[in-house]
Amino acid sequence: MFSFFARAAMALGVGVFATASAGASPSCLRDHKPYKLDFDTIEWSMTIAPGADCIQGLRWSTMQIYWVNVAKQPKNGEIVIVGSGFRYIAKPDFSGTDKFTLTVVGKNRRTEGASTVEVTVSRPTAQVVAAATHTH
């Protein structure tokens, strides 16, 4: 059954990846510990400015990802699945916090399973924004 999902996810992921523009922002996630694909739930934190986006892969070195699903949509942004990762785009008027939840299904080493990734999104503080604008 997983092989059917794997083929479908790869076909879908390749199409989505081909339409998404590149522009990784590796510093937007904080404290992102690996999940284990053993039906665990992990919490990640993201800091992002209004109107900005973050691209993040979900595969760790010992994993094969079959598919990724958005279990809970964000309210202050948009989430797009890109292959075995995601792209979060904050609304231009984003303020406060946002949350979304992903389900990741695949194989870790030789064991198939799933994990839930809950992501809390917040705006950077005024001091962080000021420091970033002075370095350019």
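So how much accessible area does K33 have, in Å² to the nearest 10, using a 1.4 Å probe?
Here the residue's solvent-accessible area equals roughly 130 Å².
Of K36/K72; K72/K99; K36/K99, which pairs sit farther than 18 Å apart, going by alpha carbon to alpha carbon?
Listed pairs above 18 Å: K36/K72; K36/K99.
Report, ordered by chain and residue number, the aspartates and glutamates lying within cross-link reach of K75, taken as a straight Cα distance under 19 Å and ignoring same-chain residues fewer than 8 apart.
Straight-distance partners of K75: E43, D53, D93, D98, E118.
Run the simple label-point estimate for S27 and A71 please: 7 Å along Cα→C-beta, distance reported in nm.
Taking the simple label geometry, S27 and A71 are separated by 3.1 nm.
Between E112 and E78, what length comes free when the chain is fully extended (0.36 nm per residue of separation minus the Cα-Cα distance, one decimal in nm)?
Residue separation times 0.36 nm, minus the Cα-Cα distance, leaves 9.4 nm.
Quick one: length gained pulling I42 to S95 fully straight, 0.36 nm per residue minus the C-alpha distance?
Here the answer is 16.7 nm.
The values are calculated or read from the model by the stated rules, or taken from the named source; none is laboratory data. No experiment lies behind these values; they were computed from the predicted model shown. Glycine gets a Cβ as well: all are built from the backbone with ideal geometry, and neighbour counts include every protein chain shown. For accessibility, only protein heavy atoms count, side chains too; no ligands or nucleic acids. Shrake-Rupley method; radii C 1.70, N 1.55, O 1.52, S 1.80 Å.
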